[in-house]
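A.B. asks: Right, I'll just put the structure down here and ask away after.
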Amino acid sequence: MKKEIFINASMGETRLAICEDGRLSELYFEKAEKERMVGDVYYGQVAKVLKGMQAAFINIGLPQDAFLHFSDIGDNLAEFNKLFHEEGKSPKNNRRGGNDHYLHQGQPILVQITKEPISNKGARVTTNIALPGRFLVLIPFDHTVGVSRKIHNRREKGRLKSIGREIRPNGFGIVIRTVSEGRNKQELLDDLNSLMKTWEQIVKNISRSKPPVRVHKDMDMLSSTIRDLFTNDVDRLVVDDKKMHKQISKYLREVAS
């Protein structure tokens, strides 16, 4: 299958298209004046808990409170409470099979945006924080090692999982991404160290701030797309903007070195 990425920038908007065998498979837009929010991490505060809706609304400092469904609350909430604020309490499973965690109005909480706010609807968030790098995804308050399902070679999958177990820090989980195929331990470790620095900065920001506040800003659409989607199976990348071309070239040189 032939896979191509096309990036167009004009009229204050960036458009990114992914084509597979000449057919459009994905399309993204980003306006220059509209900041991308997916992936951003906020130190927020519980505004309302609505058990009938199996959800809570979180004040993250934006015009509309963010929406947190109980299914998007991980077991890591108790660990976060232990680390920063109050005694961790074990989550309870409700009758619907979701997580009816210990949540109360005014409670500080760390969340990550998974869906942009639209019109008068707030952003959708999760407590399952994930920090993506080039080769790895770092998951605080976790202990698992996962390997991308897109890596089909069993021997390579086993090799990467073995490396992952060796380098995984205590108290963190990692997911090894598709682009890690063929990479050595040092390359993965360098990426992990960079992600750990990002997490350490988040912890610092939390310790010296009061909610609600943003404690981590993810990359813009262009950078995050190149990081996430520019894999070994991409045959061609076309961009019609000189500034973006330089930005992409610089990033690719850095990850290739």
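The numbers here are math on the coordinates, done by the rules we state, and not lab data. Model, not experiment: these values are computed from the prediction. Glycine gets a Cβ as well: all are built from the backbone with ideal geometry, and neighbour counts include every protein chain shown.
A.B. asks: Whole angstrom only: what separates the Cα centroid of the range 22-62 from the Cα centroid of the range 130-153?
C.D. replies: Each part's Cα centre sits 22 Å from the other's.
A.B. asks: Just round it to a whole percent: the fraction of Cα-Cα distances in the range 130-207 exceeding 18 Å.
C.D. replies: Details: 1019 of 3003 pairs.
Every Cα pair in the range 130-207 considered, those over 18 Å come to 34 percent.
A.B. asks: Using 7 Å Cα-to-Cβ label points, what is the Gln247/Glu116 separation (nm, one decimal)?
C.D. replies: Spacing of the two 7 Å Cα→Cβ label points: 1.5 nm.
A.B. asks: Quick one: dipole size for the chain, taken about the Cα centre, charges +1 on Lys/Arg Cβ and -1 on Asp/Glu Cβ, in debye to the nearest 20.
C.D. replies: Charge dipole of the chain: 380 debye, to the nearest 20.
A.B. asks: Apply the membrane-span-like helix rule to the chain: whole DSSP H runs, Cα extent along the own long axis of at least 15 Å, mean Kyte-Doolittle hydropathy at least -1.0. List the helices found.
C.D. replies: Qualifying helices: 185-207.
A.B. asks: Would you mind counting up the charge near Val234? Only other residues with Cβ under 9 Å from its Cβ, with Lys and Arg at +1 and Asp and Glu at -1. Let's see the in-between values first.
C.D. replies: Details: positive: Lys3, Arg236; negative: Glu4, Asp233, Asp235.
Combined, the nearby Lys, Arg, Asp and Glu give -1.
A.B. asks: Suppose we look only past 28 Å in the calculated P(r) of the range 106-257. What percent of the Cα-Cα pairs does that tail hold?
C.D. replies: Of all Cα-Cα distances in the range 106-257, 29 percent exceed 28 Å.
A.B. asks: Can you give the relative contact order of the chain as a percent, counting alpha carbon pairs under 8 Å and 6+ residues apart? Each step should come with its number before you reach the end.
C.D. replies: On the way: 455 pairs, mean separation 56.3, N = 257.
Reported as a whole number, the value is 22 percent.
A.B. asks: How much net charge surrounds Ala123 when only the other residues with a Cβ under 10 Å from the Cβ of Ala123 are counted, with Lys and Arg +1 and Asp and Glu -1? All intermediate terms of the calculation are to be shown ahead of the outcome.
C.D. replies: Details: positive: Lys115, Lys121, Arg124; negative: Asp40, Asp65, Glu116.
Spelling it out: positives minus negatives among the neighbours equals 0.
A.B. asks: Under a point spin-label approximation (7 Å from Cα along Cα-to-Cβ), what is the Glu26-Glu4 distance to one decimal in nm?
C.D. replies: Placing both labels 7 Å beyond Cα along the Cβ direction yields 1.8 nm.
A.B. asks: Just order 22-29, 147-154 by mean Cβ neighbour count inside 10 Å, highest at the front, would you? Provide the component values of the computation, followed by the final result.
C.D. replies: Values: 22-29: 10.6, 147-154: 13.1.
Ranking, from highest mean packing down: 147-154, 22-29.
A.B. asks: Now for a separate question. Ignoring everything except DSSP H segments at least 4 long, calculate the 222 nm mean residue ellipticity for the chain; use -39,500 (n - 2.57) per segment, divide by total residues, nearest 500.
C.D. replies: -9000 deg cm²/dmol
A.B. asks: A further question follows. Mind checking which aspartates and glutamates have their Cα closer than 20 Å to the Cα of Lys210? Skip sequence neighbours fewer than 8 apart in that chain.
C.D. replies: Asp40, Asp65, Glu79, Glu86, Glu87, Glu200
A.B. asks: Also, I was wondering about something else. Just tell me which aspartates and glutamates come within less than 12 Å, Cα to Cα, of Lys161; anything on the same chain fewer than 8 places away is out.
C.D. replies: Answer for Lys161, where 12 Å is the Cα cut-off: Glu181, listed by chain and number.
A.B. asks: For a quick protection proxy, order the peptides 108-115, 194-201, 120-127 by their average other-Cβ count within 10 Å, most packed first.
C.D. replies: Result, highest mean Cβ count within 10 Å first: 108-115, 120-127, 194-201.
A.B. asks: Using only alpha-carbon positions, what ratio does the radius of gyration of the chain give when scaled by 2.2 N^0.38 Å?
C.D. replies: 1.08
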